[in-house]
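**Student:** Sharing a structure below in structure tokens format, with a few things to ask.
The values are calculated or read from the model by the stated rules, or taken from the named source; none is laboratory data. Source: prediction; values computed, not measured. Virtual Cβ from ideal backbone geometry, glycine too; neighbours counted across all protein chains shown. Please note that ligands, DNA and RNA were not included when accessible areas were found on the heavy atoms of the full protein model with its side chains. Shrake-Rupley method; radii C 1.70, N 1.55, O 1.52, S 1.80 Å.
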Amino acid sequence: MPVIISGGRVIDPGNLDGIKDIIIDDGKIVEIKDHEASRSTHPATRIIDASGKIVTPGLIDMHVHLREPGHEYKETIESGCRAAAFGGITAVCTMPNTDPANDNQQVTEYILKKAKEADTVRVYPVAAITRGLEGKVLCDYGDLKEAGAVALSDDGNPVMDGQLMRMALEHAKRIGLPVISHCERRDLVAGGVMNEGEVAKRMGLAGIPNTAESMMVMRDIELCELTNAPLHIAHVSTSESVRAIRDAKERGVPVTAETAPHYFTLIDEDVEKYYTNAKMNPPLRSHADREAVLSGLADGTIDVIATDHAPHSSIEKKAEFNLAPNGIIGLETSVLLGLKLVEDGIITITDLVDKMSTNPARILGLECGLNVGSLADITIIDPARGFTVEADSFQSLSRNTPFDGWNMKGKAVLTMVGGKIVYEDN
Ligand SMILES: [Zn+2]
């Protein structure tokens, strides 16, 4: 049955911005026209009233840990996909640090099979740069691409060996896959568990200096410049990283970057409030770093907002701070926190759609956008809808969020993947 999304503000950056009707049939967009009383021409149609709402190309979260295979008690592909749909996200990229790691065709194919069974949002596997994410031997990128991988990353681990990283970029370029770099100098982390500074001192915890991230960002930018291979920097958290990426882009280096909602929302002082639910890697940084990340989002230095959705069980997160695992979940809160940036005047709603849809699609070479003939992957956002975050009612199997109980304004109210409604707020 055809569906009309009627009377919403349709925003597809660089393509559309206006009050439109989108007509969907057989999984695809068959018509986009100025809003009018189009109902009579489509008698058998379901009409979704989108007046007062924002209609965007499906949101893509390019940095997600779904934990399957290997750690299904934290998250399965099925539960992660449901969480994404609830958050207005129509596609996720799954990082390869599963058990076994996604460093071969079998695991890539297994993930895609599970995603097909879940039949909710699209799942795009990111495969490992090196076997077992050990930073020693490169994987077979041709095989991985053939199996369906859309990018390469050892996320969770840095590729410490510079020569190996150079070879990875060269091979990846030849095969046509972007490399996503987890930038971290383990020697400079030196056992640190949160941001280095006054708060760490007060809490009696070992600190991680900004340099542990930015020095690796600078190395990888240099390697990107040397190889001219597309490089995407994951989870940018420091002012020095933002500056280095900004300078590199000005020189024409093919580097792109993402940050996560927690880095533009929280700072290290929040670790005292949320404890292990504010423990992540890279850590929450200083006020000045948060300001730099916001300016990087505003001026386009940071192309993408991705969650680094990292589920862990409550028991694991209840450990003492030094021992608790890193990471928080984000699929069900990223749009809310992104809309807060718009509300606060940091970026426009069009910028937000760019960073959560258009830009990740461009970086990964995925189909995206609202055009006649394109797949009907669509998110509808109600910017006026009040919503209180309740971790206990999350679709995710995990609860590790610092945003529990936060009152937000604006929410994704409908998620459509290939013409099928996978989430609808009632
Ligand atoms: Zn990472």
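**Student:** Helix-only estimate, please: 222 nm mean residue ellipticity of the chain, summing -39500 (n - 2.57) across DSSP H runs of length 4 or more and dividing by its residues, to the nearest 500.
**Tutor:** On the way: 15 runs with 132 residues, N = 426.
Only helices count here, giving -8500 deg cm²/dmol.
**Student:** Starting from the Cα gyration tensor of region 101-225, take the square roots of the eigenvalues, sort them a ≥ b ≥ c, and report rounded, prolate or oblate (rounded when a/c is under 1.5, otherwise prolate if a/b is larger than b/c, else oblate).
**Tutor:** Oblate.
**Student:** Turning to a different aspect of this structure: Between Thr388 and Ser313, what is 0.36 nm times their sequence separation minus the Cα-Cα distance? Round to one decimal in nm. Each step should come with its number before you reach the end.
**Tutor:** Details: separation 75, 0.36 × 75 = 27.00 nm, distance 2.20 nm.
Here the segment from Thr388 to Ser313 would lengthen by 24.8 nm.
**Student:** Where in region 160-192 does the label zone of Glu146 land, with the point 7 angstrom along Cα→C-beta and an amide N cut-off under 19 Å?
**Tutor:** Hits in region 160-192 for Glu146 at 19 Å: 171-178.
**Student:** For Ser374 and Thr348, compute 0.36 nm times the residue count separating them, minus their Cα-Cα distance, and round to one decimal in nm.
**Tutor:** Contour length minus the Cα-Cα distance gives 6.8 nm.
**Student:** Further, regarding this structure: Taking a probe of 1.4 Å, how large is the accessible area per residue of the chain, in Å²?
**Tutor:** 38
**Student:** Could you tell me which of rounded, prolate or oblate describes the chain, using a ≥ b ≥ c as the square roots of the eigenvalues of the alpha-carbon gyration tensor, with rounded for a/c under 1.5 and, failing that, prolate when a/b is larger than b/c and oblate otherwise?
**Tutor:** prolate
**Student:** Another question about this same structure. At 7 Å along Cα-to-Cβ for each site, give me the label-to-label distance between Glu31 and Glu222 in nm.
**Tutor:** Distance between label points: 5.9 nm.
**Student:** If you don't mind, another one. Mind putting a number on the dipole of region 274-365 about its Cα centre? Charges go on the C-beta only, +1 for Lys and Arg and -1 for Asp and Glu, and I need it in Debye to the nearest 20.
**Tutor:** Taking the Cα centre of region 274-365 as origin, the dipole is about 280 debye.
**Student:** Leaving ligands, DNA and RNA out of it, report the carbon-plus-sulfur percent of the accessible area of region 1-135 at a 1.4 Å probe.
**Tutor:** C and S atoms contribute 47 percent here.
**Student:** Which entries of Lys201/Lys317; Lys136/Lys249; Lys355/Lys409; Lys201/Lys340; Lys53/Lys420; Lys74/Lys411 have Cα-Cα distances beyond 28 Å here?
**Tutor:** The answer is Lys136/Lys249; Lys201/Lys340.
**Student:** Still on this model: Taking R0 as 41 Å, what FRET efficiency do you get between Glu367 and Glu272 from their Cβ-Cβ distance, rounded to the nearest 0.05?
**Tutor:** Working from the Cβ atoms, E equals 0.40.
**Student:** Which is the longest run of the chain containing none of the trypsin sites (Lys or Arg not before Pro) found in DSSP loop states (not H, G, I, E, B) with at most 14 other C-beta atoms within 10 Å?
**Tutor:** In the chain, the maximal stretch lacking such sites is 1-135.
**Student:** Would you mind calculating the gained length between Asp49 and Met1 on full extension (0.36 nm times residue separation, minus the Cα-Cα distance), in nm to one decimal?
**Tutor:** Length difference between fully extended and current span is 15.6 nm.
**Student:** Could you tell me whether region 362-424 comes out rounded, prolate or oblate from its Cα gyration tensor? Rule is a ≥ b ≥ c as square roots of the eigenvalues, rounded for a/c under 1.5, then prolate if a/b exceeds b/c, otherwise oblate. Write out the running numbers ahead of the final one.
**Tutor:** Details: a/c = 2.34, a/b = 1.88, b/c = 1.24.
Taking the square roots of the gyration eigenvalues as a ≥ b ≥ c, region 362-424 is prolate.
**Student:** Shifting gears a bit: Compare Ile315, Ile363, Ile47 in a GNM of the chain, Cα atoms joined below 10 Å, and give the one with the largest fluctuation.
**Tutor:** Per the Cα network of the chain with a 10 Å cutoff, Ile315 tops the list.
**Student:** Next up: Given a Förster distance of 41 angstrom, what is the FRET efficiency for Lys113 paired with His287, based on the Cβ-Cβ distance and rounded to 0.05?
**Tutor:** So, using R0 = 41 Å, E works out to roughly 0.35.
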